[in-house]
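Trainee: The following block contains the structure, expressed as structure tokens.
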Amino acid sequence: MISALEIVRVPAFNDNYLWLVHDPDSGETAVVDPGDATSVLAAADARGWTIGQVWNTHWHPDHTGGNLAVKSASGATISGPRSESAKIPGLEIALSEGDQVRLGAHMGEVWAVPGHTLGHIALIFRDAGVAFVGDTLFAMGCGRLFEGTPAQMFNSLNRLATLPPETAIYCAHEYTLSNARFAAHVEPANRAIATRFAEVEQARAEGRATVPTTIAQEAATNPFLLASDEAEFARRRAAKDSFG
Ligand code: ZN
Ligand code: FE
């Protein structure tokens, strides 16, 4: 029997979530997307954990800016997408589709999920029922298309949607309220969206996080997964970019 992963949310900047991942059996700890080192080192220290691995989903500085400081504090190895190696500070282990990361006995599959950036990866821990998706799939939303095409992002999102419905989705930003407003605007007749919008408003008014989400929740309320085809996805993504 292997123990469940312990996952700790570490807020940073305005709306980023950095994730500490701890395996109680081996005592190993990883951090996903440490844009800031101080906050994750403090959170690990408070629990008596030492960060042994950094896992980057993509090169953006709000996800990688703390890499070198985490490494110098704890000696962590730094893993991230191979095709973004040159832009990721300290990258030592280059990951591509089909590779694996390990934390004790827990294995994470590396999926290529291009769209937000071209090299963006997700880490899928099937046994734990957990996926770290960076800026690809958000609660009720998805990442902006800075590098990829609408077709790439549409495929990436729909691939993530094939995970079991109960899979917990750990994304890198608290954008849910803004996403919910847009979702309600483009899917005005969708009751599940209206209900979740109200729940998200309440949660944020009380200062509660709305992440992680699940594949089941996203399948029902994410307007980008509800898009009927690539063209509708592309229209919605463009509309969200300029939505109030
Ligand atoms: Zn990003
Ligand atoms: Fe980001």
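The values are calculated or read from the model by the stated rules, or taken from the named source; none is laboratory data. Computed from a predicted structure; not experimentally measured. Don't worry about glycine lacking a Cβ; one is built from the backbone with ideal geometry, like all the others, and counts go over all protein chains shown.
Trainee: Which residues, counting only those in the range 12-51, are of a type outside the set (A, V, I, L, M, F, W, C), touching a helix residue (DSSP H, G or I) at 6+ places or on another chain (Cβ under 7 Å) and farther than 19 Å from P212 by Cβ?
Mentor: Passing the criteria: only T50.
Trainee: Does the range 189-211 hold any residues that are touching a Pro at 6+ places or on another chain (Cβ under 9 Å), crowded, with 17+ Cβ neighbours inside 10 Å and not polar (S, T, N, Q), and which are they?
Mentor: Result: I193, single match.
Trainee: Are any residues in the range 149-162 out of contact with any strand residue (DSSP E or B) (no Cβ under 6 Å at 6 or more places or on another chain) and buried (at least 22 other Cβ atoms within 10 Å of the Cβ), and if so, which ones? Can you show your working first?
Mentor: Initial filter on the range 149-162 (out of contact with any strand residue (DSSP E or B) (no Cβ under 6 Å at 6 or more places or on another chain)): 149-156, 158-159, 161-162.
If the condition is that a residue be out of contact with any strand residue (DSSP E or B) (no Cβ under 6 Å at 6 or more places or on another chain) and buried (at least 22 other Cβ atoms within 10 Å of the Cβ), then M153, F154, S156 are the ones that fit.
Trainee: Filter the range 1-12 for residues that are part of a strand (DSSP E or B) and touching a His at 6+ places or on another chain (Cβ under 9 Å); which is farthest from G104 (Cα to Cα)? Break it down into steps so the answer makes sense when it comes.
Mentor: Kept after step one, since they are part of a strand (DSSP E or B), are these residues of the range 1-12: 6-12.
Filter once more, so that each one left must be touching a His at 6+ places or on another chain (Cβ under 9 Å): 6-8.
Working: E6: 12, I7: 14, V8: 17 Å.
The extreme case among them is V8.
Trainee: When you scan the range 120-134, do you find a residue that is modelled with pLDDT of 95 or more, touching a Gly at 6+ places or on another chain (Cβ under 8 Å) and over 25 Å from R9 (Cβ atoms), even just one?
Mentor: No, every residue in the range 120-134 fails to be modelled with pLDDT of 95 or more, touching a Gly at 6+ places or on another chain (Cβ under 8 Å) and over 25 Å from R9 (Cβ atoms).
Trainee: Quick one: how many residues across the range 23-42 are over 19 Å from the mean Cα position of the chain (by Cα) and of a type in the set (G, A, S)?
Mentor: Total satisfying the criteria: 3.
Trainee: Could you tell me whether any residue of the range 221-244 is under 18 Å from T57 (Cβ atoms), buried (at least 16 other Cβ atoms within 10 Å of the Cβ), touching a residue at least 60 places away in the same chain (Cβ under 8 Å) and of a type in the set (S, T, N, Q)?
Mentor: No, because not a single residue in the range 221-244 is under 18 Å from T57 (Cβ atoms), buried (at least 16 other Cβ atoms within 10 Å of the Cβ), touching a residue at least 60 places away in the same chain (Cβ under 8 Å) and of a type in the set (S, T, N, Q).
Here is a yes/no grid of residues against (1) away from ligand 2 (no atom under 14 Å from the Cβ); (2) at pLDDT 95 or above; (3) farther than 15 Å from Y17 by Cβ; (4) touching a Pro at 6+ places or on another chain (Cβ under 8 Å):
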residue: G104; (1), (2), (3), (4): yes, yes, yes, no
residue: G108; (1), (2), (3), (4): yes, yes, yes, no
residue: L118; (1), (2), (3), (4): yes, yes, yes, no
residue: C142; (1), (2), (3), (4): no, yes, yes, no
residue: M153; (1), (2), (3), (4): yes, yes, yes, yes
residue: I169; (1), (2), (3), (4): yes, yes, no, yes
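Trainee: Hey, another quick one. Taking S79 as the residue in question, decide whether it is polar (S, T, N, Q) and crowded, with 18+ Cβ neighbours inside 10 Å.
Mentor: yes
Trainee: With the requirement that a residue be in a strand (DSSP E or B), charged (D, E, K, R) and touching a Leu at 6+ places or on another chain (Cβ under 9 Å), what does the range 78-123 give you?
Mentor: Passing the criteria: only E109.
Trainee: Report, by residue number, each residue of the range 206-241 that is touching a Leu at 6+ places or on another chain (Cβ under 7 Å) and of a type in the set (F, W, Y).
Mentor: F224
Trainee: Does the range 141-158 include one or more residues that are assigned to a loop (DSSP other than H, G, I, E, B) and more than 16 Å from ligand 1 (Cβ to nearest atom)?
Mentor: yes
Trainee: So which residues in the range 107-131 are more than 20 Å from L145 (Cβ to Cβ) and within 16 Å of ligand 1 (Cβ to nearest atom)? Reasoning before the result, please.
Mentor: Narrowing the range 107-131 to residues more than 20 Å from L145 (Cβ to Cβ): 107-110, 123-131.
The answer is L123, and nothing else.
Trainee: Need the failing condition index for K87 against (1) out of contact with any helix residue (DSSP H, G or I) (no Cβ under 6 Å at 6 or more places or on another chain); (2) within 26 Å of D229 (Cα to Cα); (3) within 16 Å of ligand 2 (Cβ to nearest atom); (4) free of Cβ contacts under 8 Å to residues at least 60 places away in the same chain, just the number.
Mentor: Checking K87 against (1) out of contact with any helix residue (DSSP H, G or I) (no Cβ under 6 Å at 6 or more places or on another chain); (2) within 26 Å of D229 (Cα to Cα); (3) within 16 Å of ligand 2 (Cβ to nearest atom); (4) free of Cβ contacts under 8 Å to residues at least 60 places away in the same chain, the one that fails is (2).
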